[in-house]
Amino acid sequence: MAEQQTSLAAALGFSANDLAANRQGMLSEAQQTRLQSSWRRQLIGTVIVVVAIMFGATLVLFFGQRSESAALSFIGMSLTVINAVIVGLGAQSYLRMKGDTSRGGVLVTSGVITHTIRVVSGRVTTFVLKIDGADEVIVSKPIFNAFAEGKSYTLYRTPVSKVLLSAE
């Protein structure tokens, strides 16, 4: 059983201190830092994409106006709308992270784990852990393989985005 717990800890990247805090219904300081760092990386990527699309939309709109091309103007406006959607998704991500870290609590789910692999179009594979056949957690392949089929586990997740933090 200790070997199984070590495998879970390695796959999920949690420590004994993280697990102890999760058992008390709280995020550890390291988990809060990890969630905030992950969000910052995502923010940097989002800002780069938004600036690139904004620059592209500006150029397309400029050339569309100069050449009086309705097609280029439409493409420029479409890029602007896409950019607004990306900004909205970034804001939604921020609100999720704030909800996860400001509450400081964890969502605890216990039950028997069932493995499910979903393949879409023969190319995209999604690894899903089902808890008692009802609650689902989408995970990476290494995490999926760290859980034994048909065994009972307690999973600790963030309250808003439901990111898997630790398990036992």
Legend entry - Residue-averaged [θ]222 nm for the chain, counting only DSSP H segments that reach four residues, each worth -39500 (n - 2.57): -20000 deg cm²/dmol
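So how strong a dipole does the chain carry about its Cα centre when Lys and Arg Cβ are +1 and Asp and Glu Cβ are -1, to the nearest 20 debye?
For the chain, the charge dipole is close to 260 debye.
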Inset, instruction - Note down the nm distance, to one decimal, between modelled labels 7 Å out along Cα→Cβ at Leu59 and at Val160. - result: 3.6
Inset, instruction - Send over the per residue convex hull volume for region 1-144, Cα only, as a whole number of Å³. - result: 153
Legend entry - 5 angstrom amide H check on Gly105, placed H, neighbours 5+ away: Leu27
Legend entry - Calculated from backbone phi, Karplus (6.51, -1.76, 1.60) coupling profile of region 89-99 in Hz, x at Gly/Pro: 5, x, 5, 5, 4, 4, 5, 5, 4, 5, x
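Normalised by the number of residues in region 57-168, what is the relative contact order in percent for Cα pairs under 8 Å and 6+ residues apart?
22
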Legend entry - Cβ-based charge dipole, the chain, positive-most Cα from Ile138, Val106, Gln42: Gln42
Legend entry - Contact order relative to length of region 31-103, as percent, for alpha carbon pairs under 8 angstrom and 6 or more apart: 37
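Mind checking the dipole of region 1-96: about its Cα centre, +1 per Lys or Arg Cβ, -1 per Asp or Glu Cβ, Debye to the nearest 20? Don't skip to the end; give the middle numbers.
Numbers: 6 positive and 4 negative charges, 25 e Å.
Result for region 1-96 is approximately 120 debye, rounded to the nearest 20.
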Inset, instruction - Report the full-extension gain for the segment Arg103 to Asn145: residue separation times 0.36 nm, less the Cα-Cα distance, to one decimal in nm. - result: 12.1 nm
Inset, instruction - Considering only Ala91, Ala134, Ala148, give the residue with the highest GNM mean-square fluctuation for the chain, with springs between Cα atoms whenever their separation is below 10 Å. - result: Ala134
Inset, instruction - Note down the nm distance, to one decimal, between modelled labels 7 Å out along Cα→Cβ at Ser15 and at Thr114. - result: 3.7
Legend entry - Rounded to whole Hz, the Karplus (6.51, -1.76, 1.60) HN-Hα couplings of region 29-36, x for glycine and proline: 4, 5, 5, 4, 4, 5, 5, 5
Legend entry - 14 Å beta-carbon shell around Ser152, net charge (K/R +1, D/E -1): -2
Legend entry - Label point 7 Å beyond Cα of Val87 along Cβ direction - residues of region 46-73 with amide nitrogen under 19 Å: 46-62
Inset, instruction - Using +1 at the Cβ of each Lys and Arg and -1 at the Cβ of each Asp and Glu in the chain, identify which of Phe74, Gly64, Leu95 lies farthest towards the dipole's positive end. - result: Gly64
Legend entry - Karplus-derived HN-Hα couplings along region 46-55 (A = 6.51, B = -1.76, C = 1.60, θ = phi - 60°), whole Hz, x at Gly and Pro: 5, 4, 4, 5, 4, 5, 5, 5, 4, 5
Legend entry - Added length on full extension, which subtracts the Cα-Cα distance from 0.36 nm per residue, Glu68 to Thr80: 2.5 nm
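No value in this document is a laboratory result; all are computed from the given coordinates. Everything quoted here is computed from the prediction, not taken from an experiment. For neighbour counting, all protein chains shown are included, and Cβ atoms are generated from backbone atoms with ideal geometry for every residue, glycine included.
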